1. Can you give me the solvent accessible area of LEU271 with a 1.4 Å probe, rounded to the nearest 10 Å²?
2. Short version: ³J(HN,Hα) in whole Hz for each residue of the stretch 4-19, in order, from phi by Karplus 6.51 cos²θ - 1.76 cosθ + 1.60 (θ = phi - 60°), x for Gly and Pro, what are they?
3. Could you rank the peptides 69-75, 35-41 by their average count of other C-beta atoms within 10 Å per residue, with the highest value first?
4. Just need log10 I(q)/I(0) for the stretch 1-82 at q = 0.15, 0.18, 0.27 Å⁻¹, Debye formula, equal scatterers on the alpha-carbon atoms, no solvent, rounded to two decimals.
5. If we sort 176-184, 214-222 on the protection proxy, mean other Cβ atoms within 10 Å, highest first, what's the order?
6. Sticking to Cα atoms, compute the Rg of the stretch 150-274 to one decimal and its Dmax as the biggest Cα-Cα distance, whole number, in Å.
7. Roughly how many whole Å is it from the C-alpha centroid of the stretch 91-110 to that of the stretch 213-265?
8. Long-range amide H contacts for MET29: which residues qualify at under 5 Å (H placed 1.01 Å from N, peptide plane, sequence gap of 5 or more or a different chain)?
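The values are calculated or read from the model by the stated rules, or taken from the named source; none is laboratory data. The shown structure was predicted, so the numbers you read here are calculated from the model rather than taken from an experiment. Quick reminder, even Gly has a Cβ in these numbers, built from the backbone with ideal geometry, and neighbours come from all protein chains shown. All accessible areas refer to the heavy atoms of the entire protein, side chains included, with ligands and DNA or RNA removed. Shrake-Rupley method; radii C 1.70, N 1.55, O 1.52, S 1.80 Å.
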Amino acid sequence: MEIFKEIASLKAFLSQKRGSVPIGLVPTMGALHAGHMSLIEASKKENGLTVCSIFVNPAQFNNAKDLEKYPRTLEQDVEMLKRAGCDVVFAPEAKEMYETEPTIKFDFGDLDKVLEGKFRPGHFSGVALVVAKFFNLVQPTVAYFGQKDFQQFKIIERLVKELKFDLQLKPMPILRESDGLAMSSRNMRLNDIERKKATVLFQSLAEAHKLLRAGIPLYKVKETVRQKCESIEGVRLEYFELAGVENLKALEGVTDKAILLIAAYVGEVRLIDNLLLNEN
Ligand code: AMP
């Protein structure tokens, strides 16, 4: 497995390969888990060369403490990627990606003003900036993203469409722990008690889905979820919404293309999850 920290050496290596094999890209922030590895496996199956980027992108953190506390486990990550048969790791320092303070900002219209965008101003502009850089540097044939970050996937879809990146995007299903908790690097920051409490996100989604299917009106379902979260000490709900999958606009009731999305703090750790309704 090749490991690069510098853009120049990554580009030199890839320029020898490009054209002869399809290149799969899996952008990550490291602290890898089975969810990330499912993206690597998919890329390996479908491409001759798989590139995994590991970069905790300062531009997408609107909270300095969150950036500082984000787990970093590069050595372990490299071992996992070697075992999985990943071909290339690109793990640059922040200086390599941002020589100077970035000035470019992205605006995605309605798409980045709701849900995550509302609670994390500037977040998606930072995500789009770094993903555009990776697309530019790697020029992948296919790029893999998890649906755990559903809104992020929608943003990147629009980025690719509007900037006409010549690549295919593949959304990948959410991998969960046995108790339903969506796998996330941030789960590492939870203590044992918080880890148990964190299941409330998936339980809320599952219960809400059941209630909606039984015809309970959305406002009542929202109230149930709020109460469920409030009843657990240390859990603070940020949002729980039903939205259309295409534009993420809030819905009043279930349609055939709807998704439930939730964000909550468990202790100091902010977690997100979602459930596509037409698939269950
Ligand atoms: P991150 O390192 O959290 O930025 O995630 C890197 C990529 O892995 C993103 O496309 C995520 O959506 C995806 N990912 C994170 N957690 C999961 C999961 N539990 N299942 C599937 N994909 C995931």
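1. Accessible area, nearest 10 Å²: 10 Å².
2. Those phi angles translate into 10, 10, 10, 4, 4, 6, 4, 5, 4, 5, 5, 5, 6, 8, 4, x Hz.
3. Listed from highest to lowest mean packing, they are 35-41, 69-75.
4. The calculated log intensity ratios at q = 0.15, 0.18, 0.27 Å⁻¹ are -0.62, -0.85, -1.36.
5. For the peptides 176-184, 214-222, the packing ranking is 176-184, 214-222.
6. So, for the stretch 150-274, Rg and Dmax equal 15.8, 48 Å respectively.
7. 32
8. Here PHE55 satisfy the definition.
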